[in-house]
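Peer 1: Structure in structure tokens, see below.
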């Protein structure tokens with residue numbers, strides 16, 4: 001089931017859905033969430049759905065934000081459709097897989113990996129054109145996930161361009177910037193099969209990389225500081241052994257402000273790795289990633305020998321007492 005991001009009323013759930021919940025829950029297991037709140041207070045809880053079909057509808061944009069436009073078929077699609085209704089234009093049935101067809105109704109919602117197959121070059125080109133036709137990142141993150149997982153190198157280049165150049169010169173709202181940063185994490189889906197995506201993420205764990213590789217700004221300038229952490233989580237999501245070695249190298253560095261900032265993201269990657277080993281990568285992403293079920297699984301994992309080791313490490317990095 002797909003789940004959207006909730007309000008801050010449940011800080012642990014927000015942490016999970018923001019991809020920061022592993023660290024938050026590890027701390028909460030013995031240390032309390034106040035340390036997580038202090039370090040994450042500037043983040044925006046609004047976000048699109050990244051899960052499979054079903055579940056709640058996408059979150060309503062904050063007050064003052066325009067509603068996303070109703071998605072339309074890509075340029076070149078046949079148009080002998082039924083008349084438009086109040087819900088938007090009716091789409092003409094086309095020879096596309098059902099999970100692709102659904103993207104034209106809800107490009108914010110990613111189908112389950114289990115139903116996806118690699119995109120043909122023609123279908124990939126069509127979805128790339130569709131992605132480009134949607135002006136706001138707030139309306140196409142699910143489509144981005146499809147291109148990352150099922151697309152080829154053209155999709156990788158599109159997503160890298162979208163993250164770094166598509167919104168060049170624009171000052172994004174905090175809501176837009178948070179979601180744009182998630183593209184780095186979604187590139188982890190591509191890194192499983194693309195060396196180009198993997199190499200981009202490896203470069204992106206370095207904060208200095210982003211000083212010259214993003215051309216947009218945000219209302220809250222601290223949001224762009226999330227990008228190294230998003231790249232770390234993307235590397236964890238890739239399932240690659242060389243990506244894990246990069247993460248371990250970061251973990252074993254001397255304690256710095258940078259390490260303190262990305263420590264929860266490193267824990268997130270460790271949790272993802274453990275769950276992929278237990279469930280398989282596809283099942284983990286479809287059934288657990290970005291779901292409320294993550295809360296229970298993180299809590300359970302935190303009591304395993306591996307999870308306790310990570311919990312203790314995180315406490316040491318944060319400079320707080322070790323949990324019992």
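The values are calculated or read from the model by the stated rules, or taken from the named source; none is laboratory data. Not measured: the values here are computed from a predicted model. Heads up, the Cβs are rebuilt from the backbone with ideal geometry, glycines too, and the neighbour counts pull from every protein chain shown.
Peer 1: For the list (1) modelled with pLDDT of 90 or more; (2) surrounded by 14 or more Cβ atoms within 10 Å (Cβ to Cβ), I need the number of the one condition that residue 65 fails.
Peer 2: (1)
Peer 1: Regarding residue 210, is this residue in contact with a strand residue (DSSP E or B) (Cβ under 8 Å, 6 or more places away or on another chain) and closer than 16 Å to residue 183 by Cβ? Full working, then the answer.
Peer 2: Values: in contact with a strand residue (DSSP E or B) (Cβ under 8 Å, 6 or more places away or on another chain): no; closer than 16 Å to residue 183 by Cβ: yes.
Spelling it out, it is not the case that residue 210 is in contact with a strand residue (DSSP E or B) (Cβ under 8 Å, 6 or more places away or on another chain) and closer than 16 Å to residue 183 by Cβ.
For (1) touching a strand residue (DSSP E or B) at 6+ places or on another chain (Cβ under 8 Å); (2) closer than 22 Å to residue 149 by Cβ; (3) modelled with pLDDT under 95, each residue gets a yes or a no:
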| position | (1), (2), (3) |
| --- | --- |
| 230 | no, yes, no |
| 275 | no, yes, no |
| 287 | no, yes, yes |
| 292 | no, no, yes |
| 322 | no, no, yes |
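Peer 1: In the set 234, 152, which member is buried (at least 24 other Cβ atoms within 10 Å of the Cβ), under 24 Å from residue 106 (Cβ atoms) and touching a residue at least 24 places away in the same chain (Cβ under 8 Å)? Write out each step before concluding.
Peer 2: On the way: 152 fails: buried (at least 24 other Cβ atoms within 10 Å of the Cβ).
Result: 234 is the single residue among 234, 152 that is buried (at least 24 other Cβ atoms within 10 Å of the Cβ), under 24 Å from residue 106 (Cβ atoms) and touching a residue at least 24 places away in the same chain (Cβ under 8 Å).
Peer 1: Are there any pairs with C-beta distances below 6 angstrom linking a residue in the range 89-110 that is at positive phi and part of a helix (DSSP H, G or I) to a residue that is at pLDDT 90 or above and surrounded by 14 or more Cβ atoms within 10 Å (Cβ to Cβ), with the two at least 6 apart or on different chains, and if so which?
Peer 2: If the second residue must be at pLDDT 90 or above and surrounded by 14 or more Cβ atoms within 10 Å (Cβ to Cβ), no pairs are left.
Peer 1: Now for a different question. Quickly run through the range 191-206 and pick out the residues that are over 19 Å from residue 166 (Cα atoms) and surrounded by 15 or more Cβ atoms within 10 Å (Cβ to Cβ). Before you say what the answer is, go through the steps one by one.
Peer 2: The initial filter retains those residues of the range 191-206 that are over 19 Å from residue 166 (Cα atoms), namely 191-195, 198-199, 202-203, 205-206.
Scanning the range 191-206 gives 191, 192, 193, 194, 198, 202, 205.
Peer 1: Among the residues of the range 162-188, what is the count of those that are surrounded by 24 or more Cβ atoms within 10 Å (Cβ to Cβ) and in a loop (DSSP other than H, G, I, E, B)?
Peer 2: The number of residues fulfilling the criteria is 0.
Peer 1: If you don't mind, there's one more thing I want to ask. Would you call residue 222 farther than 19 Å from residue 162 by Cβ and within 15 Å of the chain's Cα centre (by Cα)? Before the answer, list the steps.
Peer 2: Values: farther than 19 Å from residue 162 by Cβ: yes; within 15 Å of the chain's Cα centre (by Cα): no.
Criteria not met by residue 222.
Peer 1: Moving on. Yes or no: the range 106-121 includes at least one residue that is surrounded by fewer than 23 Cβ atoms within 10 Å (Cβ to Cβ) and farther than 23 Å from residue 197 by Cβ.
Peer 2: Scanning the range 106-121, I find at least one residue that is surrounded by fewer than 23 Cβ atoms within 10 Å (Cβ to Cβ) and farther than 23 Å from residue 197 by Cβ, so the answer is yes.
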